[in-house]
Amino acid sequence: MESNRHCEEFYKGEMAERYMLHRPAYPSTVVETIIEYLEEKMPKPHSIAVDAACGTGQGTRMLSTYFDKVLGYDINPDMIAIAQRNEALQNIKYSVSAAESMPVEDGIVDVITVAKAVHMLDLKTFFKEVDRILKPGGIIAVYTYCAPQKPIRMLPSKKADEIYFEFLSEKLYTNLPSAYKTFEVIKDLGEHLVMPYKEVKRPDDIISEREYSISGFMDLIRAFATTKEYLRKYPDEGPKVLKIVKDGIMDAMRITEDDKFNFRLPIAIKMARKPIMQDQ
């Protein structure tokens, strides 16, 4: 699949390491929201969770407290190698596998999660796989950083926010990799993401916050696959534009290389429950 080739191409080696180091971690409230919804109809104990397209295991680890076994799958061997290298929890197992075809028995999984990589999947095939391995009453939960439902300040100054969003809209979102055929689904997990079951829940966004220096923040931007694609297409222009963005943000916030600041990101969650009775 083209999307799978994209995952392997963009997150190799140094790019996979950069992804792990600089991507903001998802807060624990994400998995707490998922478990709360699960337990509305499926009380404890919970046996198996699957984290599809798990990357370096950020989201996989959050599930370990709630399940006897957690399985993390990613098509990219470099991502799985990093996840395995950093994993100390005994109830987590990582394996290389496409999300659309995971080596899991039929009907044994309580929860399947997938984060931002959902936009790189063949959703029709993936949701068939979800239905195959999910227990009746189990849930599929999609979560991702998103466009805010309500206006929020992501960087400490309005001007810095404007510089950041202008770069995203004019440079990155106009040069999406060809595999990003379903990029619209992660803007807000709204109408563009059609879930596989009728029972759907879309709670309010959760706000994540992480402290960065300007160099760390620019490393975050460079960890975007969209940035790598932009730099590939424009090897002369791209680095100059990144420097303009960096200098503009520093000037807008009146900071030095050593100063720290908080970056805020909204997180959307959309969940759907497999019917308990198959004729529902």
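Readers should treat all values here as calculations from the given coordinates under stated rules, not as data from a laboratory. Since the structure is predicted, the reported quantities are computational estimates derived from the model, not experimental observations. Methodologically, a virtual Cβ is constructed for each residue, glycine included, from the backbone with ideal geometry; neighbour enumeration extends over all protein chains shown.
Treating only the Cβ of Lys, Arg, Asp and Glu as charged (+1, +1, -1, -1), what charge dipole size does region 31-82 show about its Cα centre? Round to the nearest 20 debye.
140 debye
Filter the GluC sites (Glu not before Pro) in region 85-117 to those in DSSP coil with at most 14 other Cβ atoms within 10 Å of their Cβ, and list the result. Walk me through the intermediate numbers first.
Numbers: sites: Glu87, Glu100, Glu105; in loops: Glu87, Glu100, Glu105.
Counting only loop positions with at most 14 other Cβ atoms within 10 Å, the GluC sites (Glu not before Pro) in region 85-117 are Glu105.
From the Cα gyration tensor of region 202-280, with a ≥ b ≥ c the square roots of its eigenvalues, which class applies: rounded if a/c is under 1.5, or else prolate if a/b is larger than b/c, or else oblate?
Details: a/c = 4.42, a/b = 1.89, b/c = 2.34.
Oblate.
Please report the base-10 log of the normalised intensity I(q)/I(0) for region 73-135, using a Debye sum with one equal scatterer per alpha carbon and no solvent, at each q in 0.13, 0.14, 0.23 (1/Å).
-0.37, -0.43, -1.09
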